[in-house]
Each structure stands twice: as C-alpha cells, then as structure tokens.
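The values are calculated or read from the model by the stated rules, or taken from the named source; none is laboratory data. In this text the structure is predicted, and so the values were computed from the model without any measurement. Heads up, the Cβs are rebuilt from the backbone with ideal geometry, glycines too, and the neighbour counts pull from every protein chain shown. Surface areas here come from the heavy atoms of the whole protein model, side chains and all, with no ligands, DNA or RNA. Shrake-Rupley method; radii C 1.70, N 1.55, O 1.52, S 1.80 Å.
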Amino acid sequence: MFAVTFVLLTAGLCFALPADAQQPPPPAAAPSSAAATAPGGQVQGYTLTPGEEAKAIAYAHARHELYFLDVAYGILLLVLLLQLRIAPMYRDWAVQWTDSSFGQILIFTPLLLLTIDVLSLPIAIWEHRLALQYQQSIQDWGSWLMDWIKGEGVEFSVAILMVWILFGVIRKSPRKWWFWFWLAAVPLIILGAVVEPLIVEPLFFKFTPLAASEPLLAANIEQMTVRAGAPIPQSRIFEMNASTKLKELNAYVTGLGASKRVVVWDTTIHRMSPNEILFVTGHEMGHYVLGHVLRGILFACAVLLIFLNLAFRALQWMLARWGEAWAIRGPGDLAALPVLILLLSVFGFVFTPISNAFSRYLEHQADQYGLEVIHGLIPDAPVVAAHSFQILGEVDLEEPNPSTAVKFWFYNHPPLDERMRFAQSYDPWSEGRSPEFVKAAGPGSSPAK
C-alpha cells in the first residue's frame, strides 16, 4: 500500500526500531535433520533438504517478484490517479461539504487513501495467498479482511493528523514547510513507539501474562533482563496468540519507557525450548541496551529530513510542469497529496538497500549481545543459538544461499548461514578476552533450569 508508505514515512514509524518481526528463533532439544552438524552437536551452517530448499527458493522468488510488481503497480496507480484528477475531485467534494479546513481534511484524506488501498488490494491478496500456499499463514480470508479493515482505521487516524499538520505548515510557510513538518514529526516518532504496543498491537492479537502459562520461563526471562541491565518485570512479559493466524516464530521487546515489554509468540513456545527463547529475548534486549532504539529514531529523523527536503524541491518542479494538467493549484492544495505520496514512495524504494544495510549491522550486534547475555546462564549457548537459526529457516522457508544482489536489496538481517557460523565461532571467553557488551557474563554464572 503506497498510502501506508506515506503515513509510515511521515510518522517515522518505519524507522523507529529495527524490530525482529521476521527473524526470531526456535527449538534446541535436538539438531534438525537437515542441519549440517559436526560431532558434538555443532551446527556448521544453514541447510535444507533438497525438497525444502527448492520450496524455499520458489517462495523467495515469488516474494521478490511480487515486491517489484507492487512498487511498479503503486507508482503507475498514483500517476493514473493524478492523470485522472481523482484528488482534485475529492478536494472539490470536501470544499462543497464544509468550509472548515480540518473538516475538508477529514473528508478528503480517507477518500484518497481508501481509493489507493482498495485499488492496491489485488497485490495484498496475492501476498496473503502466497503466505497460505507456502504455509506461513493459516489465517482465513474473513479474518484477513477484518485485519485489513482494522489497518485502514489505524491508517486513517494517523494520516488525518499528519495531513492536517502537513498542509497547515505548507500554507503558513511555503518555503520552509519541509523543516517545520519534520520538527512536528520527530515527537510523533517517539510517541508512536510508546503507544503502538498499547493501542495498535492488541487490535490484531490477544496478549496474556506469560507467567500465567509459563511461570518458569517468565522468571528466567526476567532474570535475563536484569542481567542485561534493563529489567522488565514479569507483569510486562506477555504471550501473544500468534497461532490463530500464523505459523511463524517470534519473540520481541517493544515499547519505550512504561510501555516497554517482552512479547513471546505462542508458536515460539510450542516449538522452542526455554533456552532458545532466552536467546531470542537476549537478542531483542540487545536492541535496547546497545542503544538501537535511539539510533533507530535518529536514523528515522535524519532520513525523514532528507526525504522531506527532496520532496519540497521535487514538488515545486512537478507542479510547475504538470500542476495545471493535474488540476492542482499549488503545494498547499490538498490535491497535491498524491504527488507527495509518490515522491516519498520513490525515495523510500531507492533508499531500501541503505536502510537494510544499517539494519543488518544492528542485527549482527544484537546477535552478538544475545550470545553474551546468555553465556553462563544456559549450557552450550552457541549450539542453542545455531540450532535456533536452523529451525527458524525451516519454519520461515529462508533460502540457504541468497545471492549478493538479493542480500543487498532484501535482507534487513544477515543471512541465517552467516548468523549460525558467527554463533559457533564467537567465543572470547576461551581466549581469555572480555566480551564486548556484557562484561558480567562469565563461565561462573548459573545456568537457567
């Protein structure tokens, strides 16, 4: 959804935190049958059986093709809407219905975004069909449609606020609006990180205290967060009922300040040992303890500032050239919104490899932190981590040997084979060196039971 791209970019939510929505880990009770395993249980690298490997490659190719199709279709759709003067028609309707500038935004914004999103539904449907076909989702179409409707509601709520601020500053400061809007967006980035786990996530999944179903696991996670220097009490450690819709595995830390919490998917609990879950949450704690949240917010703010400045310059040029043909009266005209969505979407597409490279760097650090924070808390931590990556790949159907080009464009985490080999080779303790991040972690610590 290109409309969603606009909302997320302007709110800064897409950059605020490199959360592990796609790359968490699973069981360690025994090595996978497909894993390349050396004597002593050491997993050497990520492998799949020939049949599963062919399936993983086919799934990856299908998703990559859909991604580029989505980009091309989205750009074509926005250009077509501009050529057909759809936004000016909605603007005129809004002006006829009310004299209030906010009321006009309240009418115009949902109409435009709903038009874009409805016309983009074929791509969204295709994406869900692929997830069903390759057993990544079990969500029926009725439930999927209900989630889509909820997502539209969230999108409209955020977009109305952002469009109101955006066109308010454009009309008051035609030459500096990009900077003033950026200043307004920065606190909204932070606010979004705080309220998202409290308001948005519960709209789509049910959260219950982990201690109610897995008290020992909750206690061990709490112990690990204390060791990480960022204690999270059991009252803020939750289980999410992902199994009602997904087969994927995940655990993550989300929120800021009082909203900070640990979330473990029930699919992960069903497939992982407690030690595996500690590794996953240790990785996630690394994002907080290593300042990745702050770095993510700063990265978001910097990128947003650049995008808005480029959009300001490009918008002037585009309206001078095509504004009359599109029936757009100027930058302060609500009908200019599709042009801004188009520009921000193109900028986001071109910037994808840089954003992913930044994310891969942070994720590698988080892997290292996860290994350090569980060292001594559980036995054979490197093997636990490597096995978790192997089974994650099997569940998520990650292709074993992605090309350099695929990694460059699509991967916001290091490939699983690299992560597994790093987990097996990272051992500063045996060399008498201090770990880089978790100085207290040492062989004398008591393993979790």
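What to note about this one:
- Relative contact order for segment 189-340, counting Cα pairs under 8 Å that sit 6 or more residues apart, in percent: 19
- Net charge of neighbours whose Cβ lies under 14 Å from the Cβ of TRP322, counting Lys and Arg as +1 and Asp and Glu as -1: +1
- Overall form of segment 65-154 per C-alpha gyration tensor (a/c, 1.5; a/b vs b/c): oblate
- Heavy-atom accessible area, probed at 1.4 angstrom with all protein chains present, ranks LEU246, LEU198, LEU334 as LEU198, LEU246, LEU334, highest first.
- The aspartates and glutamates within cross-link reach of LYS260, meaning a Cα-to-Cα straight distance under 16 Å and a gap of 8 or more places when in the same chain, are ASP20, GLU196, GLU201, GLU222, GLU239, GLU284.
- Residues considered: LYS150, LYS247, LYS260. Largest GNM mean-square fluctuation over the chain, using C-alpha springs under 10 Å, is found at LYS150.
- Distance between segment 172-214 and segment 150-165 - C-alpha centres, whole angstrom: 12
- For the chain: relative contact order, % (alpha-carbon pairs under 8 angstrom, 6 or more apart): 28
- Selected from ILE107, PRO331, TYR46, residue furthest toward positive end of dipole (the chain; charges at beta carbon): PRO331
- Segment 365-444: relative contact order as a whole-number percent, Cα under 8 Å and 6+ apart: 46
- Comparing LYS245, LYS55, LYS176 in a Gaussian network model of the chain, where Cα atoms under 10 Å apart are tied by springs, the biggest mean-square fluctuation is seen for LYS176.
- Rounded to the nearest 20, the Cβ-based charge dipole of the chain about its Cα centre (Lys and Arg +1, Asp and Glu -1) stands at 1380 debye.
- Computed over the chain, the P(r) tail beyond 35 angstrom holds 34 percent of alpha carbon pairs.
- The distance separating the Cα centre of segment 98-147 from that of segment 363-379 comes to 39 Å.
- Gyration tensor verdict on segment 165-286 (Cα atoms; rounded if a/c is under 1.5, prolate if a/b is larger than b/c, oblate otherwise): prolate
- About the Cα centre, charge dipole magnitude for segment 161-246 (Lys/Arg +1, Asp/Glu -1 at Cβ), debye: 660
- Ignoring aspartates and glutamates fewer than eight residues from LYS55 along the same chain, the ones with Cα atoms less than 14 angstrom from its Cα are GLU394, ASP396, GLU398, GLU399.
- Accessible area per residue, Å², the chain with all protein chains present, probe 1.4 Å: 43
- Once the Cα atoms are used to define both axes, helix 274-289 deviates from the longest principal axis of the chain by about 50 degrees.
- Here the accessible area of the chain is 65 percent carbon and sulfur, with a 1.4 angstrom probe and all protein chains present.
- Evaluating 6.51 cos²θ - 1.76 cosθ + 1.60 at θ = phi - 60° for every residue in segment 201-217, the Karplus couplings come out as 4, x, 5, 10, 9, 9, 10, 10, x, 5, 4, 5, 10, 9, x, 5, 4 Hz, glycine and proline recorded as x.
- For the chain, built as a Gaussian network whose Cα springs stay under 10 Å, the top-fluctuating residue of VAL158, VAL226, VAL293: VAL226
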